[in-house]
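Peer 1: Below is the structure I would like to discuss, written out as structure tokens.
The values are calculated or read from the model by the stated rules, or taken from the named source; none is laboratory data. Only a predicted model underlies this, so the values are computations on that prediction, with no experimental measurement involved. Note: ideal-geometry Cβ built from the backbone for every residue, glycine included; neighbour counts use all protein chains shown.
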Amino acid sequence: MTALEPLLLDGVVPYPEEFAVRYRSEGHWTDQTLAEMLFEVVERVPDKTAIIADEVRITYGDLGERVLRFAAGFTDLGINRGDRVVLHLPNVSDYVPILFALFEIGAVPVLALAALRRHEIEYFVEFTEARAYVTIETHAGNDFAALARELEESSPNLEHTVVLATDGTSADVEQLLSHGALGHARRSLPSDVAFLQLSGGTTGQPKVIPHTHEDYLASVRASVKIGAITGDTVQLVVLPLCHSFAMRSPGFLGVLSQGGTIVPTLNGSPDVAFPLIAQHGVTDVSVVPPLALVWLNSSLKERYDLTSLQVLRVGGAKFSAQAAGRVRAELGATVQQSFGMAEGLTTFTGLDEDDDTITSRQGRPTLSADEVVVVDDEGTVVPTGTAGHLWTRGPSTIRGYYRAPEHNAQNFTADGFYKTGDIVLEDERGYLTVVGRSKDQINRGGEKIAPEEVENLLLAFDAVHDVSVVGVPDEMLGERTKAFVVPRAGGDTSLLTLGTIRKFLRDKGLAAYKLPDVVELVDEFERTAVGKVSKLNQRAK
């Protein structure tokens, strides 16, 4: 067989050769693709359960066979190495085999959240020049089968659509699976772009992030160690499978790499998640802070046996110390805070750290080669313990967005550091505490306010379920502070007045200029397409 040449995609910023050589020599990057990672486990433990979905148990042997049958089907469609395929699916059972089938043939999945709609999907199809689009008939009341038909008609580059039935099968799937199975073989290189992921930006169309097999697996392997993932791990996957936190922190990729079991679900609400934890002996789950709060505040936690749960990993946004401190007592699990970004860097708190570290820090870098600097507005490194802008580069952090030279000029330094947009404190041990986002910072009459500081204090108020603090325009001050508050279910909303909230914060010792000027009670927060609180829309109110 002819040796493979490196896959070069137009618009991908490569790692400088000196860094690539170093990352390989230090063992961060290894000679393995994501497909090879899976098939190593398939060969080792074929009879172990890999996936539990809707009461169906899929062994590693069955998973490997389905991956290779899907791979044969995509090959018959003419999908080849380097071709982009938009994968627009919720957490259905065939998500994982379809994803790995594309890895197997060297195609490049474009991972799109199921929450996205035509405006975003049409953009990704055109922007990435995708040749195929994979989706489901309907989801959350949305007709994606109709969207697939519309895209086929409107897109000049889209040649194929594959639509899964809501019950997991369809004529399209049967057609793909009708071509037998490919033999597993190396059809891509570890240095190839493995997939394209979407950034979590709050404005405009999300930027597109290219990850290689070797850079992503570096993060997966390191996260597996820090997260104590083993072959005995049973991980409930409540976040979208295409989300970076759900994929590699340690994520389902980390669990599958060790021969563990994943239990994907479409819904993370307590009435769905708690029975699954009890039924399947779930040991590990990753959630975002709003869902963690829902679990903590749910009366259902007393009705189900959650004693198997060992680790509740919380990330995607700042988790308050007050809420983190409740996890062990109320859910019986160790909380592991995580922080990071789809662009690369991830951090974790150690599972054996002291309570103060676990509840008040967001972790330290996963890889020993991760470089972190905290700088002021001029780019000068600040003293340890001083808040500043977080910049980072390392073996799992990209060197540029896909086909986005203008964004790259703004978001990356000349020597390759990614400007994350986060404001953090770094302690002497390298642990980070997230203070806020530079673009979210409130300037109230010249006084700077980090919204997270106010939010974290308000989350300790018994009547508050969740809170989001933003700066809104003010003729005199430039900006004033507004708190959007979601009351706790069954709580006394009469306590949530501007006066009582300001008194509560004053009693907590918060400086007067940081007190909210306006409070608005809401049932829920508006969110962006990637599930983050839309502070942009809140500021406009």
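Per-residue answers, yes or no, for (1) at pLDDT 95 or above; (2) surrounded by fewer than 22 Cβ atoms within 10 Å (Cβ to Cβ); (3) among the hydroxyl-bearing types (S, T, Y):
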| site | (1), (2), (3) |
| --- | --- |
| L331 | yes, yes, no |
| T357 | yes, yes, yes |
| G363 | yes, no, no |
| T380 | yes, yes, yes |
| T392 | yes, no, yes |
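Peer 1: Tally the residues that are acidic (D, E) and in contact with a helix residue (DSSP H, G or I) (Cβ under 6 Å, 6 or more places away or on another chain), restricting the search to the stretch 272-305.
Peer 2: So the answer is 1.
Peer 1: Moving to a separate point now. Identify the residue in the stretch 155-206 that is more than 21 Å from R84 (Cβ to Cβ) and of a type in the set (V, I, T) and, among all such residues, is modelled with the highest pLDDT.
Peer 2: The selected residue is T166.
Peer 1: In the stretch 317-338, how many residues are in contact with a Lys or Arg (Cβ under 8 Å, 6 or more places away or on another chain) and within 21 Å of E453 (Cα to Cα)?
Peer 2: Of the residues in the stretch 317-338, 5 are in contact with a Lys or Arg (Cβ under 8 Å, 6 or more places away or on another chain) and within 21 Å of E453 (Cα to Cα).
Peer 1: Given the structure, is L241 within 14 Å of the chain's Cα centre (by Cα) and assigned to a loop (DSSP other than H, G, I, E, B)? Don't jump to the end; show me each part of the working.
Peer 2: Working: within 14 Å of the chain's Cα centre (by Cα): yes; assigned to a loop (DSSP other than H, G, I, E, B): yes.
Answer is yes for this residue.
Peer 1: Residues A387, A409, A414: which one is farther than 30 Å from A194 by Cβ and either at pLDDT below 95 or outside the structural domain of V110 (by TED's automatic domain parsing) (or both)?
Peer 2: On the way: A409 fails: farther than 30 Å from A194 by Cβ; A414 fails: farther than 30 Å from A194 by Cβ.
From the options A387, A409, A414, the qualifying one is A387.
Peer 1: Being touching a residue at least 40 places away in the same chain (Cβ under 8 Å) and within 18 Å of R84 (Cα to Cα) is the filter; apply it to the stretch 1-22 and report the residue that is surrounded by the most Cβ atoms within 10 Å (Cβ to Cβ).
Peer 2: Out of the qualifying residues, it is V12.
Peer 1: Something else now. What do you reckon, is E18 in a helix (DSSP H, G or I) and out of contact with any Pro (no Cβ under 8 Å at 6 or more places or on another chain)?
Peer 2: Yes, satisfied.
Peer 1: I've got another one for you. Which of the residues that make up the stretch 42-95 are surrounded by fewer than 23 Cβ atoms within 10 Å (Cβ to Cβ) and of a type in the set (S, T, N, Q)?
Peer 2: T49, T59, T75, N80, S93
Peer 1: Which one of the conditions (1) in contact with an Asp or Glu (Cβ under 9 Å, 6 or more places away or on another chain); (2) touching a residue at least 60 places away in the same chain (Cβ under 8 Å); (3) under 30 Å from N297 (Cα atoms); (4) among the small types (G, A, S) does A460 fail to meet, given that it meets all the rest?
Peer 2: Answer for A460: the failing condition is (1).
Peer 1: Considering only strands (runs of 3 or more DSSP E) fully contained in the stretch 151-233, which possess at least 1 residues that are within 26 Å of the chain's Cα centre (by Cα) and within 27 Å of V314 (Cβ to Cβ)? Give the steps one after another, and end with the answer.
Peer 2: Details: elements: 160-164, 193-198, 208-212.
In the stretch 151-233, 193-198, 208-212 are the strands (runs of 3 or more DSSP E) which contain 1 or more residues that are within 26 Å of the chain's Cα centre (by Cα) and within 27 Å of V314 (Cβ to Cβ).
Peer 1: Among what's in the stretch 470-484 and is over 13 Å from P451 (Cβ atoms) and surrounded by 15 or more Cβ atoms within 10 Å (Cβ to Cβ), pick the residue that is farthest from the chain's Cα centre (by Cα).
Peer 2: L477
Peer 1: Also, quick follow-up: Within the set of pairs 6 or more residues apart or between chains, which connect a residue that is assigned by TED's automatic domain parsing to the domain that holds V86 and under 15 Å from P90 (Cβ atoms) inside the stretch 140-155 to a residue that is buried (at least 17 other Cβ atoms within 10 Å of the Cβ) and of a type in the set (G, A, S) with Cβ atoms less than 6 Å apart?
Peer 2: Every condition considered, no pair remains.
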